[in-house]
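S.K.: Structure below; questions to follow.
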Amino acid sequence: MTLIDIKSLSYEKVLETVQDMGEKAFRGKQLYEWMHGKLAASYDEMTNLPKSFRDKLKEQTVYTSLDIVEVLTSRIDGTQKYLFRLADGHVIESVLMKYKHGNSVCVSSQVGCRMGCRFCASTLGGLNRNLTTGEILDQIYRIQVHSGERVSNVVIMGTGEPLDNYDNVLGFLHGISDEYGLNISQRNITLSTCGLVPRIHDLAGEHLQITLALSLHAPNDEKRRALMPIANKYELKDVLAACQEYYDKTGRRLTFEYSLVGGQNDSEEDAAQLNSLIHGMNCHVNLIPVNPIKERDFVQSNKKVIDKFKNKLEKYGINVTIRREMGRDIHGACGQLRQSYLESETT
């Protein structure tokens, strides 16, 4: 018998599944609230469900609950990095960032990544597998329980390419914003993609209210191909056309993420080309000083170069900010903690 992945199901599907088990529909509502509202770590915590029903659930379903392997806390800004172990032994990471406006969690969507972006630690070991909807949701649930503080903002910007795991990520987006769960506003959710054009078109058709963030990182196709293998498949004109469609259908301002790599994409000419590329779009540019990783020889642009790049864009009328670096002392960048853990396991 194939076990049911209960935490990955929608509210309606949970009610339907519970009734198929011979239980009343209201038991499904109770079960869903335990999973997604009260954030129970196991069926044993669900004290108002009959033991006979809980035993049935244990026999017929898989209950996703991630194990915390390690939590690192930044002495600089209080950012916390979580390393989780999945049921099959794989490890993933998530980050809790605390701001004045609320707590934000950055979640992973895959175990590893196959996109191959040159400056990212997430992709070093390739892709192992997609995360289920329940595994993506439970990153937030375990962090909220462990921290004792409500999560109000979510970024799907950890390990993995979210649109390469489209169905499970879509299930996550609906689940995390469900009124019977944590009910996090879709306007407080950002999805970051390296630019899978067909899937951006698909996402536009979902008419969600999340923010779409494109990992741009270069002002032209040639430089983008040197940094991001996906650029060999999709040209910038097609990627930006898909982003424009997303804006047209949702009304949500676009975010363009631009990692500044010293001597590669940070000149004033690069800034001028970037302006030519995106001028007139309703967008915000997020400049990211690249996090150096030991497996690559990329270096971070110096502060003067970063400020000059920002000022140049502002003179063109582009809305731009420099991302505040969070958790640098605890392997804050995508994939770094997981990579160091995997290396320690093999030595």
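S.K.: Rounded to the nearest 20 debye, what is the charge dipole size of the chain about its Cα centre when +1 sits on each Lys and Arg Cβ and -1 on each Asp and Glu Cβ? Show your work: numbers first, answer last.
M.R.: Details: 42 positive and 44 negative charges, 166 e Å.
Rounded to the nearest 20 debye, it is 800 debye.
S.K.: Hey, could you pull the Cα Rg and Dmax for region 46-128, both in Å?
M.R.: So, for region 46-128, Rg and Dmax equal 17.5, 53 Å respectively.
S.K.: Round to the nearest 10 and give me the degree value, 0 to 90, for the angle of helix 166-176's Cα axis relative to the longest principal axis of the chain.
M.R.: 70
S.K.: Then there's this: Once the other residues with Cβ under 9 Å from the Cβ of Gln110 are scored (Lys, Arg +1; Asp, Glu -1), what is the net sum?
M.R.: Working: positive: Arg114, Arg129; negative: Glu161, Asp164.
So the environment of Gln110 carries a net charge of 0.
S.K.: What number do you get for the chain when its Cα radius of gyration is normalised by 2.2 N^0.38 Å, N = residues? Intermediate results must be reported in sequence, preceding the final value.
M.R.: On the way: Rg = 21.0 Å, N = 347, 2.2 N^0.38 = 20.3 Å.
The reported ratio for this selection is 1.03.
S.K.: Anyone know which of Thr321, Thr64, Thr132 comes out most mobile in the 10 Å Cα GNM of the chain?
M.R.: Thr321
S.K.: Using a Gaussian network for the chain with springs between C-alpha atoms less than 10 Å apart, which of these wobbles most: Gly160, Gly205, Gly22?
M.R.: Gly22
S.K.: Rounded to the nearest 500 deg cm²/dmol, what is the calculated helix-only ellipticity per residue at 222 nm for the chain, with -39500 (n - 2.57) per DSSP H run of length n ≥ 4? Provide the component values of the computation, followed by the final result.
M.R.: Values: 11 runs with 123 residues, N = 347.
It lands at -11000 deg cm²/dmol.
S.K.: On to the next question. Hey, what did region 67-345 get for relative contact order, percent, Cα under 8 Å, at least 6 apart?
M.R.: Working: 549 pairs, mean separation 50.5, N = 279.
For region 67-345, the relative contact order is 18 percent.
S.K.: Further question: Tell me, what does the Kirkwood hydrodynamic radius of region 4-62 come to in angstroms if you use every pair of distinct C-alpha atoms? Before the final figure, lay out each step's value.
M.R.: Numbers: mean 1/r = 0.0897 Å⁻¹.
It works out to 11.2 Å.
S.K.: Give me the distance between the Cα centres of region 1-70 and region 124-179, rounded to whole Å.
M.R.: Rounded to whole Å, the Cα centres lie 19 Å apart.
S.K.: Taking the Cα atoms only, what angle lies between the long axis of helix 336-345 and the longest principal axis of the chain, rounded to 10 degrees?
M.R.: 60
S.K.: On to the next question. Over region 1-151, calculate the relative contact order: mean separation of alpha carbon pairs under 8 Å at least 6 apart, over the residue count, as a percent.
M.R.: Working: 213 pairs, mean separation 27.8, N = 151.
After rounding, I find 18 percent.
S.K.: Sticking with this one: Cα axis of helix 51-60 to longest principal axis of the chain: angle in degrees, 0 to 90, nearest 10?
M.R.: Its long axis makes an angle of about 50 degrees.
We did not get these values from a lab; they are worked out from the coordinates using the rules stated. On a predicted model such as this, the values are computed, not experimentally measured, just so you know. Ideal geometry is used to build each Cβ from the backbone, glycine not excepted, and the neighbour counts take in all protein chains shown.
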